[in-house]
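In what follows, a single structure is set out as structure tokens and then discussed.
The values are calculated or read from the model by the stated rules, or taken from the named source; none is laboratory data. Since this is a predicted model, take the numbers as computed values, not measurements. Here the Cβ positions follow ideal geometry from the backbone for every residue, glycine too, while neighbour counts run over all protein chains shown. With ligands, DNA and RNA removed, areas are computed over all heavy atoms of the protein, side chains included. Shrake-Rupley method; radii C 1.70, N 1.55, O 1.52, S 1.80 Å.
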Amino acid sequence: MADLLGSILSSMEKPPSAHDQESRRKAREQAARLKKMEEDEKRKKAEFRKKMEKEVSGFIQDSALRKKRYEPMSKIKRSILHDVAEVAGLASFSFGEDEENRYVMLFKKEFAPSDEELEAYRKGEEWDPQKAEERRRWKEQAALETEEASRAQKRPASPSSNYRDKYSHLIGTSAAKDAAHTLQANQSYGCGE
């Protein structure tokens with residue numbers, strides 16, 4: 001019985017020492033600081049969202065503007081701005097190479113960018129519609145010239161050699177003529193005399 005009581009007592013936790021109480025207090029303080037930081041972050045995101053909603057609303061109401069470019073911002077802020085733009089019915093795109101240089105551009109749906117315009121922004125270039133039109137014309141001209149050159153090079157299809165000459169070692173030179181002359185209908189094929 002003493003052994004049983006001894007094993008039960010040894011398996012029980014000891015009363016908390018002053019060191020354990022101190023570490024628990026520090027853990028509670030750290031959890032409280034973390035919760036406060038999360039609440040501050042949430043509040044800042046909500047404030048940023050309200051600010052972006054106000055700016056996007058102003059952009060939509062300004063009939064002179066077709067697009068709006070924002071300064072580079074963090075990934076979280078870009079995602080908030082994309083969400084606000086989607087709710088407002090705008091097209092939004094992120095451009096820039098490095099994470100700290102990425103920025104957002106908003107476009108009104110009726111002035112949505114073309115693929116060439118998006119490609120120019122992705123390359124970090126400014127979009128110039130006149131240059132784009134010149135490039136398009138140049139590409140069309142190059143395609144027409146290529147097509148004309150391929151037409152001029154086309155020849156009528158004809159075999160490069162005669163198959164009889166190529167396979168004469170197999171079939172001989174007069175095999176087909178000899179076989180044609182000896183062809184007769186006979187009884188084995190259902191023809192009777």
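In region 29-72, which residue that is of a type in the set (Ser, Thr, Tyr) and part of a loop (DSSP other than H, G, I, E, B) is most open to solvent (accessible area, probe 1.4 Å)?
Per the stated criteria, the residue is SER63.
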Quiz item: When you scan region 80-129, how many residues do you find that are assigned to a helix (DSSP H, G or I) and of a type in the set (D, E, K, R)?
Solution: 11
Practice problem: Kindly provide the set of residues from region 107-133 that are surrounded by 13 or more Cβ atoms within 10 Å (Cβ to Cβ) and either out of contact with any strand residue (DSSP E or B) (no Cβ under 7 Å at 6 or more places or on another chain) or among the aromatic types (Phe, Trp, Tyr) (or both), ordered by number. | Solution: PHE107, GLU116, GLU117, GLU119, ALA120, TYR121, TRP127, LYS131, ALA132
Quiz prompt | Residue list for region 83-106, restricted to those being closer than 19 Å to GLU41 by Cα and surrounded by 17 or more Cβ atoms within 10 Å (Cβ to Cβ) | solution = VAL84
Self-check item: Close pairs (6 angstrom Cβ cut-off, 6 or more residues apart or separate chains): under 18 Å from HIS82 (Cβ atoms) in region 36-48, among the hydroxyl-bearing types (Ser, Thr, Tyr) and open to solvent by less than 100 Å² (accessible area, probe 1.4 Å) anywhere
Solution: none
Practice problem: Pick out the one residue from ARG69, ARG28, ARG78, ARG43 that is on the phi < 0 side of the Ramachandran plot, modelled with pLDDT of 85 or more, of a type outside the set (A, V, I, L, M, F, W, C) and touching a Ser or Thr at 6+ places or on another chain (Cβ under 6 Å). | Solution: ARG78
